[in-house]
1. Name every residue in the range 96-121 that is in contact (Cβ under 8 Å) with a residue 40 or more places away in the chain, within 15 Å of Gln144 (Cα to Cα) and of a type in the set (A, V, I, L, M, F, W, C), in order of residue number.
2. Look at the range 29-56 and say how many of its residues are of a type outside the set (A, V, I, L, M, F, W, C) and more than 18 Å from Arg121 (Cα to Cα).
3. For the range 54-61, state whether one or more residues are of a type outside the set (Gly, Ala, Ser), modelled with pLDDT of 95 or more and on the phi < 0 side of the Ramachandran plot.
4. Taking the range 112-147 as the region of interest, how many residues are assigned to a loop (DSSP other than H, G, I, E, B) and of a type in the set (S, T, N, Q)?
5. Among the residues that make up the range 20-38, is at least one of them in a loop (DSSP other than H, G, I, E, B) and surrounded by 13 or more Cβ atoms within 10 Å (Cβ to Cβ)?
6. Would you be able to say whether some residue in the range 46-69 is among the charged types (D, E, K, R) and touching a Ser or Thr at 6+ places or on another chain (Cβ under 8 Å)?
7. Given Glu19, Glu65, which one is free of Cβ contacts under 8 Å to residues at least 40 places away in the same chain and on the phi < 0 side of the Ramachandran plot?
8. Mind listing whichever residues of the range 72-88 are closer than 16 Å to Ile123 by Cβ and in contact (Cβ under 8 Å) with a residue 24 or more places away in the chain?
Amino acid sequence: MATLEPGSGYFATTLTRSEVEEVYEVRKALEVMAIRQNGAKYSELELARLELLIAEGAASTNAEELFVATRAFHLGLAAPSPNGFLLKTLQSVWDNPVQRLISRSYPLDQEKLDRVADAHRRIVAAARLSDVEAVVQLLDLCHQKDL
């Protein structure tokens, strides 16, 4: 990511730890609110789509593919919320260039892919039981920057 400094040109943008934590804090709050609103109730079709997104993420060969699958998974978790404004706001957080920069900054290896897939599978298992608190607790794992 680059920042334009008028009269000087473009410079690489780096994020502080605080900025990264702020993004995760906002995203987590919105996702938790959406999950609580829908009571962690998902149709079989919605659960199957989440499982497909887990497989896509696990098969990622680069950071962009993992970002796309992870973004779709988290937006899919929130999708049943009846609050359209919340969903649009959450999508704007995911679409913010800062979120993409954060996602691309982590090394992508098989261990990372396995950790993300495992965390997402555990979330889906809790969602199958409509266990709101378990989904929220497991979602917290996805918001740890080193997952």
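1. Matches in the range 96-121: Ile102, Leu113, Val116, Ala117.
2. Counting residues in the range 29-56 that are of a type outside the set (A, V, I, L, M, F, W, C) and more than 18 Å from Arg121 (Cα to Cα) gives 4.
3. For the range 54-61, residues of a type outside the set (Gly, Ala, Ser), modelled with pLDDT of 95 or more and on the phi < 0 side of the Ramachandran plot: present.
4. 2
5. no
6. No, there is no match, as no residue in the range 46-69 is among the charged types (D, E, K, R) and touching a Ser or Thr at 6+ places or on another chain (Cβ under 8 Å).
7. After applying the criteria, what remains is Glu65.
8. Of everything in the range 72-88, those that are closer than 16 Å to Ile123 by Cβ and in contact (Cβ under 8 Å) with a residue 24 or more places away in the chain turn out to be Phe73, His74, Gly76, Leu77, Ala78, Ala79, Pro80, Ser81.
The values are calculated or read from the model by the stated rules, or taken from the named source; none is laboratory data. Just so it is clear, the structure is predicted and the values come from calculations on it, not from any experiment. Note that we place each Cβ from the backbone using ideal geometry, even for glycine, and neighbour counts take in every protein chain shown.
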